[in-house]
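Scroll down for the structure; my scribbles are underneath it.
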Amino acid sequence: MNVTLDLLIKTINTVKNNIAVVDATFNIVFTNHAWNQFGIENGLSPDFSWVGVNYFTPSLCAAREGDHFSQRAFSGLEKLKRGECTEFQLEYPCHSHNTERWFLLEVTSFEMDEQRYYVISHMDITQRVQLEMEARQQAKLDPLTHIANRRAFDNFMANEWRRCRRNAIPLSLMIIDVDDFKYINDTYGHQIGDSCLQRIAGILKQYTSRASDLCARIGGDELVVVWSHLSSQEARALAQSVLKAISQLPIDEDNSPFSDCISVSMGLCSTIPDTDDHLMLLTAADALMYQAKNAGKNTLASDSLASDALSLAQKPMPIATE
Ligand SMILES: Nc1nc2c(ncn2[C@@H]2O[C@H](COP(=O)(O)OP(=O)(O)OP(=O)(O)O)[C@@H](O)[C@H]2O)c(=O)[nH]1
């Protein structure tokens, strides 16, 4: 079969990627149908001609304005122009006011009649990027309770500890361990046990609504709450409310009006971080949680580390919203 110019143009116009061919100075010499259509969808007139428009100009302007991706695109294209490479790829976001979109920019060069040309292709990769972001998000969640998992908690705690240390902000950590959970499982069944954990997580979510708060499930029947910016007294008052809310949850929510209620033992420790040891709060809160268990369960044991007690009392704190 003879490949005609018409066939080639039809082919390139059928390709879904936005494609432009530019000359050695990056002046556009050809755009395919998808490229033109993208321009129209983004406000250009259907009569607009891309031929002669310099591809660099928009990248250059954005790079000057400090757009990180445009700077990378700009330096990649510069390298191509200088002949330091023959192709270049970059994934970048291109969000409109109401949609989030990502594209893959691919640029390859070729020579014809002793002239250098570049094929520039923009491929919509939104679906793939969104799936990747969703998978990354899922990897941080506990599948049963849909709150953060142990790994997400560890990362959060390390960062939050550093942030609070840098800014001399109080940080509180509370460990919540379900009382007699083995008995609940054995008596009511594993499914009811699971539902107890889900409903406790639901309560914890209500008390961790600020961006700097976190609740997480870090073990079988062990959950945690992290609060910053609260004095130890404020944290203790919130913890008491959490304890009360959980102690009003019936174990067997659906089937028995005579069901016992869930009970938990909680250890709460507050400090203003002043060491490298971001695990020290966890250790302290864990010891307090065991004190609560030994004191008869369904209770809160709390402490403010001695060195910060004064500063916590002196510092004006915003009240957390419940
Ligand atoms: N339903 C359910 N049970 C779990 C899950 N993960 C761990 N468990 C159970 O949780 C129970 C935890 O029991 P323990 O912490 O040892 O003790 P406990 O019965 O809670 O007693 P105290 O902690 O002393 O109040 C074990 O029986 C585990 O099998 C889960 O995802 N779902």
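The values are calculated or read from the model by the stated rules, or taken from the named source; none is laboratory data. Because the structure is a prediction, the values reported are computed rather than measured. Positions of Cβ are backbone-derived with ideal geometry, glycine not excepted, and every protein chain shown enters the neighbour counts. Surface areas here come from the heavy atoms of the whole protein model, side chains and all, with no ligands, DNA or RNA. Shrake-Rupley method; radii C 1.70, N 1.55, O 1.52, S 1.80 Å.
Which percentage, to the nearest 5, of the DSSP beta bridges contained in the chain is antiparallel?
90
Which percent of the Cα-Cα distances in the stretch 192-266 go past 17 Å?
46
Would you mind working out the accessible area per residue for the chain, using a 1.4 Å probe, and quoting it in Å²?
Counting only protein heavy atoms, the per-residue value for the chain is 55 Å².
For the chain, what does the relative contact order come out to in percent, with C-alpha contacts under 8 Å and a separation of six or more?
So the answer I get is 13 percent.
Work out the charge dipole of the stretch 75-200 with +1 on the Cβ of Lys and Arg and -1 on the Cβ of Asp and Glu about the Cα centre, then indicate which of SER75, THR187, ASN167 is farthest towards its positive end.
Of the options given, the answer is ASN167.
Provide the descending list of Cα extents for the stretch 5-129 along its principal axes, expressed in whole angstroms.
So the three principal-axis extents are 44, 34, 28 Å.
If I model a spin label at THR275 and SER212 as a point 7 Å from the Cα along the Cα→Cβ vector, what separation in nanometres do I get?
Taking the two extended label points, one gets 2.3 nm.
Quick one: how many lysine pairs does the stretch 139-314 have with C-alpha atoms less than 23 Å apart and a gap of 8 or more or different chains? Give me the count, please.
8
For the stretch 139-314, just say rounded, prolate or oblate: build the C-alpha gyration tensor, square-root its eigenvalues into a ≥ b ≥ c, call rounded for a/c under 1.5, and beyond that prolate if a/b exceeds b/c, oblate if not.
Verdict is prolate for the stretch 139-314.
Which of the trypsin sites (Lys or Arg not before Pro) found in the stretch 143-250 are loop residues per DSSP with 14 or fewer other Cβ atoms within 10 Å of their Cβ?
ARG210
May I ask you to give the percent of accessible area on the stretch 139-314 that is carbon plus sulfur, with a probe radius of 1.4 Å?
50
For the chain, count the residues as N, evaluate 2.2 N^0.38 Å, and divide the Cα radius of gyration by that value, please.
1.49
For the chain, modelled as a Gaussian network with Cα springs under 10 Å, which listed residue fluctuates most, LEU300, LEU131, LEU141?
Comparing LEU300, LEU131, LEU141 in the GNM, the peak value goes to LEU131.
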